[in-house]
Amino acid sequence: MRRIPGLNLLQLPLILTLLLPAPGALAAQSAATERYLDHAELTREVRALASRHSNLISVDELVRTDQGREVWRLTLAAPGDRDPDSRPALLVVANLEGNHLVGSNAALHLAEHLASGYGEVEEITSLLDRRTVYILPRMNPDGAELVWTMPEYEIPYKPHPSAPDQGGLNIRELGRDLSGNGRVQLMRVPDPTGSLIPDADEPRLSREANRARAERGLFTLHVEGIDPANAEAYVAMGSDGVNLNRNFPHEYLPFQPHVGPHQVSEVETRALADFMFDQVNIAAVITFSPYDNLRSAPPAQRTPPQGVAPGPPSVPTNILGDDRPFYEYVAERFTEITGLTGDGEEGEAGSFPQYAYYQVGLPSWTTPVWTLPGEGGSGGGAGAAPGGASSDPVGAWAVQTSVEGQPLDATLTVTREGQELSGVLDSPAGSVQLSGSGQAGRFQLSGDVPQMGTISVSGTVTGNDVSGSLGLGPMGSAAFTGTRAGSAGAGAAPVSRARGATRDHRWLAYFDEMGIDGFTEWTPAEHPELGQVEVGGFVPNARVNPPEAMLEDLARRHSEFAVWLGHQLPEVEIEEVTVEPRGDHVYQISATVVNDQYLPTHLQMGVRIRTNRPITARLLPTDGMAVLTGNIQQQVPRIHGMGGRHTFTWLVQAAPGTRIPMELFAERAGGLQSTTITLP
Amino acid sequence: MTSIRAIRRHPVRSSFLTGFMILILAALAAPLAAQPFSQPDREPQVNIRWDRYHSYDEMTEILERMVATWPQFLTLESIGQSWEGRDIWLVTINNPETGSHDEKAAFFAEASIHGNEVQATEVNLYLIWFLMENYDHLPKVRELVDQRTFYILPLLNPDAREVFFTRGGPSRTGNRPFDVDGDGRANEDPPEDLTGNREILQMRKYVPGEGTHIESPVDPRLMIPAPPGTRGDYIMLGSEGTDLDGDGRRNEDGFGGYDMNRDFPVGWQPSHIQGGAYRYPFSNPETRAMGEFLKSRPNVAATQSWHNFGGMILRGPGSQYYRGTGNYPARDLRAFDYLGERGELILPYYRYWTIWADLYTVYGGTLDWAYDALGAVGFTNELWSLEQLYQGHWQDDGPVPNEMRQLFFNDRVGMGAWFHDWEEYDHPELGRVEIGGWSKWFNRTTPPFMLQELLHRNTMFALFHADEMPLLEFDEPRVERIAGNTFRVTARIRNHRAIPSRLQVAEMNQVGDPDLFRISGGNLTVQAGGFTSGELGNELRPVERNPQEIHVADGVMGHSDVSVTWIVSGSGTATIEYSSMKGGVHRTSVQLR
């Protein structure tokens, strides 16, 4: 190791204390980051945003609901040569489930994040200069309004016009609030024939008594206030509230409750499906919905949901092999950028995210914005405790190394700032501010120390262990190892990950940990027909929408991901056109086109289902020109990303100086482009 | 139940007064209403040529004329517009004297979802006309018009019919711009009628010794492949047309390119599996108009679609994957078979077939949706086959060679009308070619002299189908005192027709409201109730809950009955009601004494 005279690590405290500037607070404070918005307030926010940024945002009505509310569509693009409707576009869809309000906040935050960051933040400026972002912040305004008009229920449905009663919901038994707490939850009805008992590990939850283990059932469980004797009444299919995210054709469940009378039966879903097909520049989709394929990539093999009508074996049921790596990589980047992990639920039957991939052929991502934290990660929100056995580098690490033969104990604290990591290396020698990047399993940080140069820390994380190397600039490098602070003796997983724990167990543990009022303890109440019962259970929508204090942080993380994803959209450009004279007025024309972006112009699914048209190049018929090879128009099914290229070649005969127009058509990767070739 | 559509007055039991009124009306109309069917020496009230095909505008005029002639029975409405903005007309046939249209079991007939299948529209025009012309003369016609509602949609795809008439060529599709070749441009190079004879014919080029085809030695009009090892004298160049967009290919992107009979929700599959499917079910304005109309008519108990050709009475399911069994549930099949097997007798040369098993697989066709989602019994007739032209007389070893069969009929029955001889044409790209071949008015299309028979027989099949919609009637109920004020009440309702009052599939899918048997009365207490059982019919299988209102899961099957027994206490009059979405609401009463 080469020595720098007069300087060693022990001198660090004397010469450094650099503080990183606080991360720029780009997103202006707005209602979208503070509270949930009903239709009127959301409309005001949308209009205010559009008028503040009229050069960047245009707003129109995608469709009007049965109850007369506008489904707003925001188009974000900076003025430029190319029409926003022909630039590769990202579509962001929120609130198909009316009670999933957090999606609307995240979608509006994205609009604000982009508009206020334009001209300030390079990656946002370049995004809006070259791309279009369509945002549908509230697909189901009629359903969302129920959160305000019927706050005591957890209802994702759109009230259906054909439903004859209960305000268009026709939920035969919505239940009643017996306990007087303003919520309709669950009730335990004491019943010697009941099969349920409180779960010994978590008595707030119930489980089946096991008669073979000498357990005796104590109660039945029902929606609070209903009369179970009347709850089984016949409901004609298609005449109840509709979950818009069950109304799309892929793996649609015919003749089931809350799916609508048939596929795409609602004005909202029809408008969205048509928009997907008509707006042929849409190249990728993010849906904020209860489903997730970002916190964890979708599985390679899945079983279609029960109740899907049998179809031919040619109906795809899994993400195709060529497409999986894209889903895996983007999921990794999502976790790196947002710091969010968790085990989201897969898109279920008839959902929009599934339709977008399986029947429109587009890359389609979905995230609930907020959900149960996964192993060691954060479900979302500032203060979500790291822990567990993840390999996320975020956390505090006790590390040991040795510098020039001297053992050195230090503490490495890594935090996430948006897409970046920052850290502090604290040692008896002093403190170094670091910044860098990382993801589950790996990180790289560095910081500048005056007179010493750059200190770098790169490590590999395996559960609670870390190892890596410390780069000391001119002094060379040293290996280090460490463990997660506080992990000693913490061999037991947190309660939220206990074996056998159901999702509800984990929700309770998470609520307890975060101090969220998400569950009402069982309390006695009087039922008019059943007598004494106990009322309690999860608070309506507590597992759907986070406390409002968490909105800003969650929305910001998702906006940063959306910006990253926007930069990955495919775009085919004409890289080079060469004309090679072959004599006798015969020329070979070669046009090479390139997709320098991450995503391919078509996923394998888009090619297979033929919804995405091929990449087409053509010479336009020109007086005096003969295409000797006959192939005036040529097509290739797709062009890969990361420098994927294709060369179109024509042999033509025409007089020197002939000007031949050429067109390139790549519908979701740049639209129609033209150039003119002049023969030498 | 909140949404039972009640038939307040049962047609069969229509009051004496109503019957009298009808007689008066009929008597008044009689001097004017000559009719040509039972008295074929007379002129009809509305003169329509049944030996020719009618354009959209002519059809509209005919509909308006019929509505003006029979305003008491016919109403005309537009249920939507085609892609090109033509009104999609729907005629309701109903006698308001016997009840509102939505209170009767209804028959729905749709035609020409494929615009080139031109007979279809004519059948629906004939059906309206036949019922109206003969209402005053044929008792069965009067019974049908009085008891039933008919919703007749004569032309679902008017845009394509217009293309067929004015230009010809395949026009099964609608006329929405559709980018067949995926090059970013729609409909940029369709086939063209180069010779101006309103036909899209075939092109061939004479290239002696360098081609693929030769003239048949049997008849030079027939082109056959050159025998192996030899060169032909002609090359076949496909449909009439030029390279309109200069891309070196002819006719590669013509009008439309989708199939609206793949646009219905049940069993729907996207276009990579079911060619012709559009974006999602009901994603075309024409099919959506039809779908919305039918969703608002839960009284529709039977449906009919008219197509061409091949001579078939088709039933679903459209695919072998339907319900995992590839067949409809057994109880419902009885009604289909009853109608289909007799339909083969009404329609010589037609075969009663199941779509996927006997023809080909169809995902998202009209029939499966009508059956599964409407709970209606539906057929698709493939109108016309050349067997009807040959009348079974063709002999494979007869005096004329087999391959001459169609040309023989063209020459000797059509007087040459159906084949265009090859004629020279100077093609801008191909040089001297010849254009000719079979007319659009042959093969799929019925020749004029046989058209009326086709319209009549298929109308008769439709009216048979309509007549077999459920027709319910109570037997006289029985009362038996058990002790004191406790009685046993037994009520039986009969279905006089073949189609059940509620299909098994409707119950399986929970579509519409179930059939219900109810008993009510001033001071009635229902102690128990259930379906009548026991050899002597004096026992019951009690229902578990709410015996006052018994849910009859499969309705009253065809030519069958359902009997329920209640043990009640009380006195006075008990009203017994049977309500059925397709079969109407019927009441009877008993005295508890």
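Readers should treat all values here as calculations from the given coordinates under stated rules, not as data from a laboratory. This structure is a prediction, so every number in the text was calculated from the model and none was measured. Every residue, glycine among them, receives a Cβ derived from its backbone with ideal geometry; neighbour counts consider all protein chains shown.
Non-local lysine pairs in the protein assembly as shown, meaning eight or more places apart or on different chains, with alpha-carbon distances under 17 Å, amount to 4. Taking every DSSP beta bridge that has both ends in chain A, the antiparallel portion is near 90%.
About its Cα centre, how strong a charge dipole does segment B:193-333 have in debye, to the nearest 20, once Lys and Arg get +1 and Asp and Glu get -1 at the Cβ? About 820 debye.
What is the average number of partner chain Cβ atoms found within 10 Å of a Cβ in B:216-222? Before the final figure, lay out each step's value.
On the way: counts 0, 0, 0, 0, 0, 0, 0.
Going residue by residue through B:216-222 and averaging, the value is 0.
Using mean Cβ contacts within 10 Å as the protection proxy, how do B:234-244, A:357-367 order, highest first?
Numbers: B:234-244: 18.1, A:357-367: 25.6.
Packing proxy ranking, top to bottom: A:357-367, B:234-244.
Inside 10 Å of the C-beta atoms of A:304-312, what's the mean count of C-beta atoms belonging to other chains?
On the way: counts 0, 0, 0, 0, 0, 10, 9, 9, 8.
The per-residue average across the peptide is 4.
As a ratio to 2.2 N^0.38 Å, the alpha-carbon radius of gyration computed for chain B takes the value 1.14. Across chain A the C-alpha pair distances fall into 20 Å bins from zero in the proportions 16, 42, 31, 10, 1, 0 percent. Taking Cα centre as origin and charging only the Cβ of basic (Lys, Arg, +1) and acidic (Asp, Glu, -1) residues, the dipole magnitude of the protein assembly as shown rounds to 2080 debye.
Per the Debye calculation on segment A:176-303 with a single equal scatterer at every Cα and no solvent contribution, log₁₀ I(q)/I(0) for q = 0.12, 0.14, 0.18, 0.23 Å⁻¹ amounts to -0.82, -0.98, -1.11, -1.23. Projecting the Cα atoms of A:LEU530, A:TYR357, A:ALA309 onto the charge dipole of the protein assembly as shown, computed from C-beta unit charges around the Cα centre, puts A:LEU530 farthest toward the positive end.
One chain, two ends: A:ASP60 and A:SER126. Fully extended at 0.36 nm per residue, the span grows by 21.3 nm beyond their Cα-Cα distance. Here B:MET59, B:MET132, A:MET150, A:MET187 are placed in order of increasing Cβ neighbour count within 10 Å, fewest first, which gives A:MET150, B:MET59, B:MET132, A:MET187. Label-to-label distance, B:LEU333 versus A:ARG82, with points set 7 angstrom from Cα along the beta-carbon direction: 5.8 nm.
Working note: 222 nm ellipticity from helices only, DSSP H runs with n ≥ 4, each -39,500 (n - 2.57), summed and divided by the residues of chain A, gives -5000 deg cm²/dmol to the nearest 500.
As a proxy for reagent exposure, ranking A:SER289, A:SER431 by other Cβ atoms within 10 Å from fewest up yields A:SER431, A:SER289. Legend: P(r) of segment A:293-377 from all alpha carbon pair distances, 5 Å bins from 0, whole percents, reading 3, 13, 24, 25, 17, 11, 4, 2, 0. Between B:GLN391 and B:MET508, the distance separating the two model label sites (each 7 Å from Cα on the Cα→Cβ line) works out to 4.4 nm. Toward the positive end of the charge dipole of the protein assembly as shown, with +1 on the Cβ of Lys and Arg and -1 on the Cβ of Asp and Glu, the farthest Cα among B:ILE567, A:ILE516, B:ALA373 is that of B:ILE567. Over chain B, dividing the summed -39,500 (n - 2.57) contributions of all DSSP H runs of at least 4 residues by the number of residues returns a 222 nm mean residue ellipticity of -7000 deg cm²/dmol.
Which order results if B:LYS104, B:LYS440 are arranged by neighbouring Cβ count within 10 Å, fewest first? Intermediate values should be presented prior to the final figure.
Details: B:LYS104 26, B:LYS440 21.
Fewest to most other Cβ atoms nearby, the residues stand as B:LYS440, B:LYS104.
In segment A:572-678, a dipole from Cβ-located charges (positive for Lys and Arg, negative for Asp and Glu) runs towards its positive end, and of A:ALA626, A:PRO656, A:LEU672 it is A:LEU672 whose Cα lies farthest in that direction. Legend: Rg and Dmax of the protein assembly as shown, from Cα coordinates, 37.2, 127 Å. Cβ-Cβ distance of B:ASN546 and B:SER520, R₀ of 22 Å, FRET efficiency by 1/(1 + (r/R0)^6): the value works out to about 0.95.
Between B:ARG323 and B:ASP561, what length comes free when the chain is fully extended (0.36 nm per residue of separation minus the Cα-Cα distance, one decimal in nm)? Don't jump to the answer; show the numbers that get you there.
Values: separation 238, 0.36 × 238 = 85.68 nm, distance 2.81 nm.
Going from the current span to full extension adds 82.9 nm.
Applying 0.36 nm per residue to the separation of B:THR75 and B:ASP179 and subtracting their alpha-carbon distance, the gain on full extension is 33.6 nm. Electrostatic tally near B:PRO399: other residues with Cβ closer than 15 Å to its Cβ, Lys and Arg +1, Asp and Glu -1, net -3. The translational diffusion coefficient of segment A:572-678, from Stokes-Einstein at 20 °C and 1.002 mPa s with a Kirkwood hydrodynamic radius over alpha carbon pairs, comes to 149 µm²/s.
Rounded to a whole number of µm²/s, how large is the Stokes-Einstein D of segment A:564-629 at 4 °C and 1.567 mPa s, given Rh as the Kirkwood radius over C-alpha pairs? Can you show the working numbers first?
Numbers: Rh = 14.8 Å.
Diffusion coefficient, whole number: 87 µm²/s.
Per residue of B:262-270, how many C-beta atoms from partner chains lie within 10 Å of its own C-beta, taken as a mean? If you can, show how the numbers build up before the last one.
Working: counts 0, 0, 1, 9, 5, 4, 8, 7, 11.
Neighbouring Cβ atoms belonging to other protein chains average 5 per residue here.
Taking label points 7 Å from Cα along the Cα-to-Cβ direction, A:GLU526 and B:ALA483 give a separation of 3.9 nm. Taken over segment B:472-592, the percentage of Cα pairs per 10 Å bin, counting from 0 up to the bin with the maximum distance, is 14, 46, 31, 8, 0. A Cβ-based charge dipole, computed about the Cα centre of segment B:472-592 with Lys and Arg at +1 and Asp and Glu at -1, lands at about 160 debye.
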